[in-house]
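J.: Structure incoming, see below.
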Amino acid sequence: MPALETLTAMRIVAAPTALDSTQWPQNALPLRTAPDEILLLNASAPISLPADEHALIEPEGSFMGLWLPMSEALEFLERTCAWELPVARPAFAQGAVANVPVKLWLEPERILFIVQAPFAADFLERLR
Amino acid sequence: MPRVIFENQPIDFHEGDSVLIALLRAGQHPTAGGCLCLAGDCPHCLATVDGVSYTRTCQTAARPGQIIQRHPANGEPPLPTAPAHNVEVPARNLHCEVAVIGQGAAGRAAADEARAAGKNVIALDSKHGQEVIGIYLGPLVVARTAEGMWHVHAQEVIVATGAVELPPVAPGNELRGIMTARAAAQLHAAGINLGRVVAIGAPPENIPAELAEGTLLRFEGESKVEAVVTQTAAGAERRWPCDTVSIGLGLTPRDTLLRIGNGLNVRAVGEAAQSASLPPCPAAGTVCHCSSVSVADLDAAWERGFREMELVKRATLAGTGTCQGAACLPYLRSFLAERGGTVQAPFTARPVTRQLTLGEAAAGAHHRATPRTALDAEHRKLGARMDRVGGWWRPWTYGNFLEEYWAVREAVSLGDVSTLGKMLISGPDALELLERLYPTQVSTIKPGRSRYVLLLNERGYVLDDGLISRDSETRFALTFTSGGASMAEMWVRDWAESWGLDVRLLNQTMSLGAINVTGPLTHELLRRAGLSQPLQYMQHVRTEVAGVPCRLYRLSFTGEISYELHHPSEHSTKLWRTLLELGRDLGIRPHGIETLLKLRLEKGHIIVGQDTDFDSTPRRVNMEWAIKMTKPYFVGQQAILRTNKIPLDKQLVALEMAEGPAPLEGEVLWNNGEYAGYVTSSFQSPVLGKVVMLAWLKLFNDALPETVTVAGRPAHRVNAPFYDQEGARARA
């Protein structure tokens, strides 16, 4: 039975130009959730953003993730996702999946489903 | 030979037969009769197939063991008699640049052309098992298939659905044995003996048929057609004995889907794109077989003044039936043209074009997920009755409301307030944004301090309430009500962007858990959890509690010492359990929403949405202290200046009643027999020994009545709060 695991992450809200020009830690995965916001996965160390002294940088532990192999993921998405997935890989996308707010990180062979914890139970129920 | 079951009798069928052809081959008919089209356009082959009513048997492949039943002969709707089966229907979302509906010559050409232009094409055709039932915004084409529903998201839709053969309208047109020329050809090709065939209009292909000359007058027969009667040019009647009548009266575009797609990127090709030439206005006979509407019925509607297409449709129900006007619309138009002298446009077409089961309609749909706090499992383990409140699953009560209530008033209690809206704001314009958004003087809030605030809309009505907490000169934390949280980010962000202010916004509503620790023993509990120094009232700090990093807010909604512990939600369970353990000998209990609502009522605190309405101004809710009209500007200020010139007409007031039971929330107030308002919150207070209420009360002769009648008993107006008027307990 698939399970969601808590993701280690930071949320960073800053001027878009500051986000554009920042070098993120090597193992971190920056997901641009909005022009002025990044969800930085695999990051827990203090992050600084010298380009924007007003940036909001907060540890984020409410996102949960689940990797699915590509075929399984696409089968689920075809049933539950009304919007078109990006063709390029890797790619980031977000929107309603089975009427749950979901973020997707698409790699060539697999997809990471990212859900905030308050929706985790409903998401898993709809995944089954 | 495989067999289907028709009316409890097995019937042989040939491979490739539709259900209808199988029945006709066996000398049966699924309905009373009428002109068959075998193209899915008419209502004359509808039956219940495997429990699904209104199935078009001409479009349904026969399968061994299929159960086929006629619809009730008395015209009653064919309601299911057995429990529904196969309720859940899967959906597939497909994406393309061009969706082509219909794969006749025109449809294939359109698809080929699009593919040649490098476009991604999805071609749909009912003959291939994809029955399109509607086009929606997008455009989104929804089709029924054997594997479930297809939701085809296309950039462009091409309708190539061809044309419908016109049925005849004349007395006797409900008899069996009448069919369109194409239907006759299909049946003949399937090996069905049509007997003696008479053709009206163009004859069927490859079938010997006698051409009935003259104008069609009527069909004759008992239940099955036996003859056609025409009128010659000289005016004489001529009778044409027959077993089958083939109708070749011409074609009309099958354009229902095109009309449904009006305004979307939908176009038609081929016969579906052609303009309809109207048939002659019928003199008599059934026009709409779905709703049994005759020419006489149309005349009656016309005489009553229903002379527009949409009105005639509604007055007679012609076109509202299972075929959605495919058969009758040309005749409705010719009728109105003949009577009124002008050709009227077809009536509006809307999805769906075919009957759906509830499962098919719901395919792919999911209800909105209700979020759960990180403590959801803890609440359930403690036996909480969960309910949806403010858009979240929340504990209503843990079983004994009074125990929860007294724990707050006399000991210490925990409440899960993770659902509160929580937002961080920073930036050089953060203060300016909040000064414009809120009616309070934000600049006087010192770092480390919080203030209760109202949020108003442009009309000066109360939109929400919450806290502003200042971290530094340029950074603030905001809270909103649980119900208002989803709106709050949009509201703040929209204004910030409209004003072009340089701010950063971080919505942390779902990221942070929040536990309300409340009761006179709160300080002792927090001391045990590591808080060395109590905070001042309306102070906030970042510190650790029980090893969990928290933002602590000292405030009070319950009327007792209270702290909200906002913390990363992944630590909620640890913090909750530790506090419960540390407070075991203090009499700690969790409290649910029911208790919280009553506790705050004793303090006279409003709940936005329960005690307020869509026209509640600060003056009406008696909270003018929360707005500073001398500020240069805030959202709603101009509206308040304007509405304050109008005499006050009603106000949210506090009422007391000596004895219970508490009136129902919503109970009407009476002033000397006259309607005076209604109760918004009520509670028989254990600690006060009386009933306390908030209520909307009308002014009479520019004054609020001192006493009103509620549920037949007197209630007296008092000043809120009811409990601890000086606020000493909350500030202790």
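J.: Mind checking which pairs have a first residue in segment A:83-97 that is within 22 Å of B:ARG92 (Cα to Cα) and a second that is of a type in the set (D, E, K, R) and assigned to a strand (DSSP E or B), Cβ under 6 Å, 6 or more apart or different chains?
T.: That search, which allows pairs on different chains as well, returns A:GLN94/A:LYS103.
J.: Okay, next question. Name, by its number, the condition in (1) farther than 17 Å from B:VAL157 by Cβ; (2) of a type outside the set (Gly, Ala, Ser); (3) under 29 Å from the mean Cα position of the chain (by Cα) that does not hold for B:CYS58.
T.: (3)
J.: Just need a number here: residues in segment A:91-128 that are more than 10 Å from chain B (Cβ to nearest Cβ) and out of contact with any Leu (no Cβ under 6 Å at 6 or more places or on another chain). Before you say what the answer is, go through the steps one by one.
T.: As a first pass, look at segment A:91-128 and keep what is more than 10 Å from chain B (Cβ to nearest Cβ): A:91-95, A:102-114, A:124, A:127-128.
Filter once more, so that each one left must be out of contact with any Leu (no Cβ under 6 Å at 6 or more places or on another chain): A:94-95, A:102-104, A:106-110, A:112, A:114, A:124, A:127-128.
Going through segment A:91-128 one residue at a time, the tally reaches 15.
J.: Among the residues of segment B:712-732, how many are small (Gly, Ala, Ser) and in a helix (DSSP H, G or I)?
T.: We begin by selecting, within segment B:712-732, every residue small (Gly, Ala, Ser); these are B:712, B:715, B:720, B:727-728, B:730, B:732.
Now narrow it down to the ones that are in a helix (DSSP H, G or I): B:728, B:730.
The total comes to 2.
J.: Take the residues in segment A:12-52 that are touching a Ser or Thr at 6+ places or on another chain (Cβ under 7 Å) and over 18 Å from A:LEU66 (Cα atoms), then tell me which one is surrounded by the most Cβ atoms within 10 Å (Cβ to Cβ).
T.: If we take residues in segment A:12-52 being touching a Ser or Thr at 6+ places or on another chain (Cβ under 7 Å) and over 18 Å from A:LEU66 (Cα atoms), then A:LEU49 is surrounded by the most Cβ atoms within 10 Å (Cβ to Cβ).
J.: Look through segment B:665-686, keep the residues that are touching a strand residue (DSSP E or B) at 6+ places or on another chain (Cβ under 7 Å) and in a loop (DSSP other than H, G, I, E, B), and return whichever of them is farthest from B:ILE606 (Cα to Cα). So that I can check it myself, show each step before the final result.
T.: So the first thing to find is which residues in segment B:665-686 are touching a strand residue (DSSP E or B) at 6+ places or on another chain (Cβ under 7 Å), and the list is B:665-671, B:675-685.
Filter once more, keeping what is in a loop (DSSP other than H, G, I, E, B): B:665-667.
On the way: B:GLU665: 14, B:GLY666: 15, B:GLU667: 17 Å.
So the residue we want is B:GLU667.
J.: Tell me the residue from B:VAL89, B:VAL100 that is within 14 Å of chain A (Cβ to nearest Cβ) and either within 25 Å of the chain's Cα centre (by Cα) or under 29 Å from B:GLY325 (Cβ atoms) (or both), please.
T.: On the way: B:VAL100 fails: within 14 Å of chain A (Cβ to nearest Cβ).
Being within 14 Å of chain A (Cβ to nearest Cβ) and either within 25 Å of the chain's Cα centre (by Cα) or under 29 Å from B:GLY325 (Cβ atoms) (or both) holds for just one of B:VAL89, B:VAL100, which is B:VAL89.
J.: Please go through segment B:433-460 and pick out each residue that is closer than 15 Å to B:GLN539 by Cα and not aliphatic (A, V, I, L, M).
T.: Hits for segment B:433-460 are B:THR444, B:LYS446, B:PRO447, B:GLY448, B:ARG449, B:SER450, B:ARG451, B:TYR452.
J.: Condition first: within 11 Å of chain B (Cβ to nearest Cβ), among the aromatic types (Phe, Trp, Tyr) and assigned to a strand (DSSP E or B). Can you find one or more residues in segment A:62-70 that meet it?
T.: Kept after step one, since they are within 11 Å of chain B (Cβ to nearest Cβ), are these residues of segment A:62-70: A:62-64.
This time we only want the ones that are among the aromatic types (Phe, Trp, Tyr), so: A:63.
Now restrict to residues that are assigned to a strand (DSSP E or B): A:63.
Yes, there is a match, as at least one residue in segment A:62-70 is within 11 Å of chain B (Cβ to nearest Cβ), among the aromatic types (Phe, Trp, Tyr) and assigned to a strand (DSSP E or B).
J.: For segment B:418-478, list the strands (runs of 3 or more DSSP E) that sit wholly inside it and hold at least 3 residues that are within 11 Å of another protein chain (Cβ to nearest Cβ); which are they?
T.: Those strands (runs of 3 or more DSSP E) span B:421-426.
J.: I've got another one for you. Tally time: how many residues in segment A:79-106 are assigned to a loop (DSSP other than H, G, I, E, B) and touching a Phe, Trp or Tyr at 6+ places or on another chain (Cβ under 9 Å)?
T.: Residues flagged as assigned to a loop (DSSP other than H, G, I, E, B) and touching a Phe, Trp or Tyr at 6+ places or on another chain (Cβ under 9 Å) within segment A:79-106 amount to 3.
J.: Identify all residues within segment B:249-268 that are crowded, with 20+ Cβ neighbours inside 10 Å and of a type outside the set (Asp, Glu); write none if there are none.
T.: Within segment B:249-268, B:LEU249, B:THR252, B:PRO253, B:ARG254, B:THR256, B:LEU257, B:LEU258, B:ARG259, B:ILE260, B:GLY261, B:VAL266, B:ALA268 qualify.
J.: To continue, here is another question. For the list (1) more than 14 Å from chain B (Cβ to nearest Cβ); (2) assigned to a strand (DSSP E or B); (3) out of contact with any Phe, Trp or Tyr (no Cβ under 7 Å at 6 or more places or on another chain), I need the number of the one condition that A:PRO50 fails.
T.: (2)
J.: What is the residue count in segment B:152-171 for residues that are surrounded by 21 or more Cβ atoms within 10 Å (Cβ to Cβ) and within 14 Å of chain A (Cβ to nearest Cβ)?
T.: The qualifying residues number 2.
J.: Can you pull out every residue in segment B:133-151 that is within 12 Å of another protein chain (Cβ to nearest Cβ) and of a type outside the set (Ser, Thr, Tyr)?
T.: Within segment B:133-151, B:LEU137, B:GLY138, B:LEU140, B:VAL142, B:GLU147, B:GLY148, B:MET149, B:TRP150, B:HIS151 qualify.
J.: Still on this structure, I have one more. Output yes when any residue across segment A:81-88 is within 11 Å of another protein chain (Cβ to nearest Cβ) and touching a His at 6+ places or on another chain (Cβ under 7 Å), and no when none is.
T.: yes
J.: Would you confirm, using the coordinates I've provided, whether A:LEU56 is buried (at least 20 other Cβ atoms within 10 Å of the Cβ), farther than 20 Å from B:PRO90 by Cα, more than 14 Å from every other protein chain (Cβ to nearest Cβ) and modelled with pLDDT of 95 or more?
T.: Judged against the criteria, A:LEU56 is not a match.
J.: Considering only residues that are crowded, with 16+ Cβ neighbours inside 10 Å and touching a residue at least 40 places away in the same chain (Cβ under 8 Å), which ones fall in segment B:529-553?
T.: Scanning segment B:529-553 gives B:ALA529, B:TYR537, B:MET538, B:GLN539, B:HIS540, B:ARG551, B:TYR553.
J.: If you scan segment B:295-308, which residues turn out to be out of contact with any helix residue (DSSP H, G or I) (no Cβ under 6 Å at 6 or more places or on another chain) and assigned to a helix (DSSP H, G or I)?
T.: B:VAL295, B:ALA296, B:ASP299, B:ALA300, B:GLU303
J.: Give, as residue ranges, the strands (runs of 3 or more DSSP E) completely inside segment B:15-112 that count at least 1 residues that are of a type in the set (Lys, Arg).
T.: The qualifying strands (runs of 3 or more DSSP E) are B:52-56, B:91-101.
J.: Ok, one more. Given the conditions (1) under 30 Å from B:PRO282 (Cα atoms); (2) at pLDDT 95 or above; (3) surrounded by fewer than 16 Cβ atoms within 10 Å (Cβ to Cβ), and given that B:LEU194 satisfies all but one, which numbered condition is not satisfied?
T.: Condition (3) is where B:LEU194 drops out.
The values are calculated or read from the model by the stated rules, or taken from the named source; none is laboratory data. Here the structure is a predicted model, which means the values were calculated and not measured. A quick note on method: Cβ atoms are made from the backbone with ideal geometry, for glycine too, and the neighbour counts reach across all protein chains shown.
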